Amino acid sequence: MTEHESEPAGTTVAAPAAHELRSDARDNRDRILQVARSIFAEEGIDVPMREVARRAGVGPATLYRRFPTKEALVTEAFREQMATCNALVDAAVADPDPWRGLRTVIEQVSAMHAEDRGFTAAFVSAFPQAVDFAQERSRALVALSGLIQRAKDAGGLRRDFVLDDLVMLIMANSGIRATSREAVVAASRRFVALQLRSISTRPDDGPLPPAVRLPLLAALR
């Protein structure tokens with residue numbers, strides 16, 4: 001079985017729940033998830049399943065026994081991040097000032113995606129078997145769509161801004177590359193500040209976050 005293989009069409013595959021496993025199997029499962037989160041954060045979710053198994057110190061058979069498909073592994077690896085993302089969206093929706101709520105959630109979610117390339121890839125990917133992940137993502141997007149409309153109605157957000165623009169912003173933000181994760185986060189902070197000024201009807205005239213020297217710019221100087 002390769003990382004691209006999955007169960008027959010029409011079946012829904014779920015990874016075994018942690019509480020159903022023996023202690024040694026649970027240790028293997030936890031180690032696989034820890035390694036997968038680290039690899040996906042640095043390299044994205046296209047890393048082969050066999051490479052995840054190798055770095056976790058388990059055989060491919062053990063990996064596929066715990067996570068029968070790439071979708072199952074990615075879904076479980078990012079379950080906590082998805083829950084955090086939804087909590088941030090819920091807090092933004094509850095803000096009585098919809099533009100402030102939207103601005104805050106864009107800043108917070110963008111910071112999450114800047115720190116974890118894999119989460120962005122998982123968020124924008126279509127995993128047909130990962131029903132629960134898709135539902136959580138859909139819930140977040142529906143809530144954000146409503147918040148966007150409220151921010152427009154309140155006069156804080158430009159009228160032609162749409163949900164697809166927010167998805168594009170997240171994808172562009174995840175494309176930032178720098179020499180360290182700290183530099184990526186700092187560059188993301190400045191990028192998001194610039195984007196927020198472009199979509200607000202009342203742009204902030206204060207100073208931008210500090211600029212970060214990125215590899216291409218450094219090579220040209």
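The values are calculated or read from the model by the stated rules, or taken from the named source; none is laboratory data. Model, not experiment: these values are computed from the prediction. Glycine gets a Cβ as well: all are built from the backbone with ideal geometry, and neighbour counts include every protein chain shown. For the accessible areas, the whole protein counts, side chains as well, though only heavy atoms, and no ligand, DNA or RNA atoms are used. Shrake-Rupley method; radii C 1.70, N 1.55, O 1.52, S 1.80 Å.
Given +1 at the Cβ of Lys and Arg, -1 at the Cβ of Asp and Glu and no other charges, the dipole of the chain around its Cα centre is 520 debye to the nearest 20. Spin-label model, Ala94/Leu214: points 7 Å from Cα along the beta carbon direction are separated by 3.5 nm.
Using the beta-carbon distance between Ala143 and Arg190 and R0 = 30 Å, what value does 1/(1 + (r/R0)^6) give for FRET efficiency, to the nearest 0.05? Working from the Cβ atoms, E equals 0.65.
Residues whose amide H comes within less than 5 Å of that of Leu157, counting only those at least five positions distant or on another chain, are Lys152, Thr201 (H built at 1.01 Å from N in the peptide plane).
For region 19-112, with all protein chains in place and a probe radius of 1.4 Å, 47% of the accessible heavy-atom surface sits on carbon or sulfur.
Charged neighbours of Leu88, selected by a Cβ distance under 15 Å, balance to -3 (K, R count +1; D, E count -1).
Computed on protein heavy atoms with a 1.4 Å probe, the accessible areas place Met171, Met112, Met82 in the order Met171, Met112, Met82, largest first. Computed from the C-beta positions of Ala172 and Arg65, the FRET efficiency with R₀ = 45 Å rounds to 0.70.
Available extension along the chain between Ser198 and Ser23 is 57.7 nm, counting 0.36 nm per residue and deducting the alpha carbon span. Length gained on full extension, Ala111 to Ala154: 12.9 nm, using 0.36 nm per residue less the C-alpha separation. Above 32 angstrom, tally the Cα pairs of the chain and express them as a % of all pairs, no decimals. Cα-Cα pairs of the chain separated by over 32 Å account for 28 percent. Think of a 1.4 Å ball rolled over the protein heavy atoms: region 64-164 then has 43 Å² of accessible area per residue.
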